[in-house]
Amino acid sequence: MIGTAARLSAVLCLALTGTAAGEASAYAGNFASHPRSLQQTFSEMTTMPPVPDFTVAIPMLYNNTAFVKNATSIEASPSPACCAAMMSTATAGRRLMQADITDGCPTGTTLKGSSQTGHWGYWYDLLEPALIIGNDTVIDVEMPTFAAGQAWSEMGKGDPGMEDIYHWDPVTGPRIAFKGPTGATGGHYMTGPIYVCGAEAGDVLEVQILDLLPRPNPQNESFGVTTAFSIGWWNRTGYSTPGYSPSRNGAVVYKAIKDPDTGRPMYWEPQYLFDDSSPLNNRTVSGCVPTIGEMPRTTANGGGYYDNSGRMYGGKTVPCVDGMQNFSGSGYSGLVYDSPEEIRDYSVKGKWRIPINMHIGNMGLAPVTGAPIITAPPMRTGGNIDNKRIGIGATMYYPVEAAGALLSMGDCHGSQGDGESVATGVETSLNGKFRIILHKADSLPTKLQLINYPMLENPNEVIIHGYAYQDWIREISNPQVNVGQVGPTGGVDLNRAMSTVYNETRAFLIHNYDLTEDMAINIMSLGVDFEITQIVDSNVGIHAKIPKWLFNSTLWETEPFYEAAVKTGTSRTSYP
């Protein structure tokens, strides 16, 4: 969900040592060493992809804030107060030192969502693990939604885990104060990271989705919310209905209706609609967000802090007045409110039904950057793909960049259409069961040897994911600023996304099925579906669905009138 990051003026100072030492040069020009698929020759596309050069400094400019991988030159002109205020990165009760990871690899199988087991609105390869597992492990993970605050009575109130994540102290402010890559914006709450023992750059991590269930509230009911944010296609020039106010953010609260026999959800029923941008929604809080604070739960060489003395949130100054702040119109996440009755429209109830199609919008591995980056754009290691097929029965494959892989997941949807055109799906909290398998670089099966992108497999098909910039962090100048720009300099470019996925699909077919280029492109035109994944996540995506039955002659002999086992809109063939 949710694309272009909101603007802000906060400053994050990082103290990095070890591998970051000596990498002080700021970014200048594109990374020619890691070209996108459009620029690759045909022979290069059908050979093992290069692992990105992680020793090159990544440009982490974000709304005029520079992140430089260096132990002493933290920013271009750091103020003495900024650097003198560096806080200890020791976090009582949670730090996992390197010795803990390498000494026998302690493992667990359950990861609950909490204020201590997630990161909100950013990826960072120097976060300490929330869970450590061995290879071929089945785990249970809670994935609380970032959107529960929009319908708090239905989606969070009375739930201890949700109340912990969204806790806002009337004196000290939010329990999770650091949101977004500079600590003063928003994005997705991500559960993790999960450290997989033995994983290293060049490996591939397999994530099987065994089951998903909506998180029940204390009344044993499950809800979600879909909001028309301004990044949605409805707000583009020429697409709004005449007379429709673009200042509205229409939100619909949905309830999951269960099967009376199995207890599993069957469909989503709308309950009420409200304008999320209305000033009647109470976004005034007691307890101001701290202006300077520690970046939470980092490894020993990844510590840092944020400095938002100007109190800028999403491009808006939100002053602290008598211990209170009003965040209306800002980009800060984690506010809790219930829309007042006077702006609710109950006429939507029962007007339509949305089939249940539970999936994970944002799941992937931390990219190696040495600085936090936004969660909105999908990337070569996964992230905010927003493919409605990443659900029960799907297996995802992700290229590993960081030691331990560092798997995180969140932004769960109860349902969504291809494109996610309004900017969100049915944003809801899900609980999942996963099997995690590590494939080492020196023994990858044929189908994984060209992996330079997240790949989905289910019983019926293989799905290749492509974006405008497959590796936007390294390919776009000032990436966190420009990724949301219209192409060719930014990620809002469907032509570029189509070129990326087309080249990836062709290379995959040639490599896996002993085809020539002429054979591959012929098959692609007749048997492969290219579909828009999402058009709202800054780095827009198109995926290619390759049916397995194209190359399964036995299946044709036994089932001459083939019917897909996997129905449109999901990766499941049946409920477990």
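The values are calculated or read from the model by the stated rules, or taken from the named source; none is laboratory data. Since we're looking at a predicted model, the values are computed, not measured. Cβ atoms come from the backbone with ideal geometry, glycine included; neighbour counts cover every protein chain shown. All accessible areas refer to the heavy atoms of the entire protein, side chains included, with ligands and DNA or RNA removed. Shrake-Rupley method; radii C 1.70, N 1.55, O 1.52, S 1.80 Å.
Computed from the Kirkwood radius of its Cα pairs, the Stokes-Einstein diffusion coefficient for region 97-235 at 37 °C and 0.692 mPa s stands at 191 µm²/s. Diffusion coefficient of region 463-562 by Stokes-Einstein, Kirkwood radius over Cα pairs, 20 °C, 1.002 mPa s: 146 µm²/s. Seen from all directions on average, region 355-496 presents a Cα convex hull projection of 9.5 nm².
Here Ala300 and Thr489 are evaluated by their C-beta separation; at R0 = 60 Å the FRET efficiency comes out at 0.95.
Rounded to the nearest 0.05, the FRET efficiency derived from the C-beta distance between Thr284 and Arg353 at R0 = 56 Å is 0.95. Region 177-225 and region 468-483 have Cα centres separated by 23 Å.
Annotation for Ser525 and Met266: the two label points, set 7 Å from Cα along the Cα-Cβ direction, are 4.6 nm apart.
The Kirkwood radius of region 169-233, taken over pairs of alpha-carbon atoms, gives through the Stokes-Einstein law at 37 °C and 0.692 mPa s a diffusion coefficient of 193 µm² s⁻¹. Label sites at Thr172 and Gln208, each approximated as a point 7 angstrom past Cα along Cα to Cβ, lie 4.3 nm apart. Along its first, second and third principal axes, ordered by size, region 145-190 spans 30, 25, 15 Å in Cα coordinates. Which pairs break 18 Å Cα to Cα here: Lys255/Lys349; Lys255/Lys351; Lys388/Lys447; Lys447/Lys548? Violating the 18 Å limit, Cα to Cα: Lys388/Lys447.
Remark: relative contact order (region 479-548) = 34 percent; criterion is Cα-Cα distance under 8 angstrom and separation of 6 or more residues. Distance between the modelled labels on Ile437 and Thr516, one decimal in nanometres: 3.5 nm (7 Å Cα→Cβ projection). Straight-line cross-link partners of Lys316 among the lysines, defined as a Cα under 18 Å from its Cα and at least 8 positions apart when in the same chain: Lys179.
The ellipsoid equivalent to the alpha-carbon distribution of region 299-435 has semi-axes of 29, 29, 12 angstrom, derived from the gyration tensor eigenvalues as √(5λ) and listed largest first. Got a number for carbon plus sulfur as a percent of region 152-274's accessible area, 1.4 Å probe? Here carbon and sulfur together make up 53 percent of the probe-accessible area.
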